[in-house]
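I have placed the structure first, in the form of structure tokens, so that the comments after it can refer back to it.
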Amino acid sequence: MAIGSTVICFVRHKDEPLKSLCTVEINDRCIIQARAFNDYDPCLEVKEFLEVFKKSKLNDNDTKQFKKAI
């Protein structure tokens, strides 16, 4: 991910790839916002996933671009 760019990602279960659980906005290696259907907060399971994703894929020491998260 290039510095200064915004990326929109969709969190989905791998068993239900057509059902989006959450939309995530990422900018400069930071999660700007994460919203579920109808502008609700994501469920606990998604929040926990995003914490793991943030620590493993968005840290400053990782210079590789992230690929598939799930």
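Things to note:
- For beta carbons closer than 8 Å, sequence separation of 6+ or different chains, a first residue in segment 20-32 that is over 11 Å from residue 8 (Cβ atoms) and touching a residue at least 60 places away in the same chain (Cβ under 8 Å) and a second that is assigned to a loop (DSSP other than H, G, I, E, B) and open to solvent by 40 Å² or more (accessible area, probe 1.4 Å), there are no qualifying pairs.
- Output for segment 33-61, where each listed residue is surrounded by 12 or more Cβ atoms within 10 Å (Cβ to Cβ), at pLDDT below 95 and not in a helix (DSSP H, G or I): 58
- The residues in segment 31-59 that are within 21 Å of residue 18 (Cβ to Cβ) and not small (Gly, Ala, Ser) can be counted, and the count is 12.
The values are calculated or read from the model by the stated rules, or taken from the named source; none is laboratory data. Everything quoted here is computed from the prediction, not taken from an experiment. All Cβ positions, glycine included, derive from the backbone under ideal geometry; neighbour counts span all protein chains shown. To get the accessible areas, we keep the full protein, side chains included, count just its heavy atoms, and leave off ligands, DNA and RNA. Shrake-Rupley method; radii C 1.70, N 1.55, O 1.52, S 1.80 Å.
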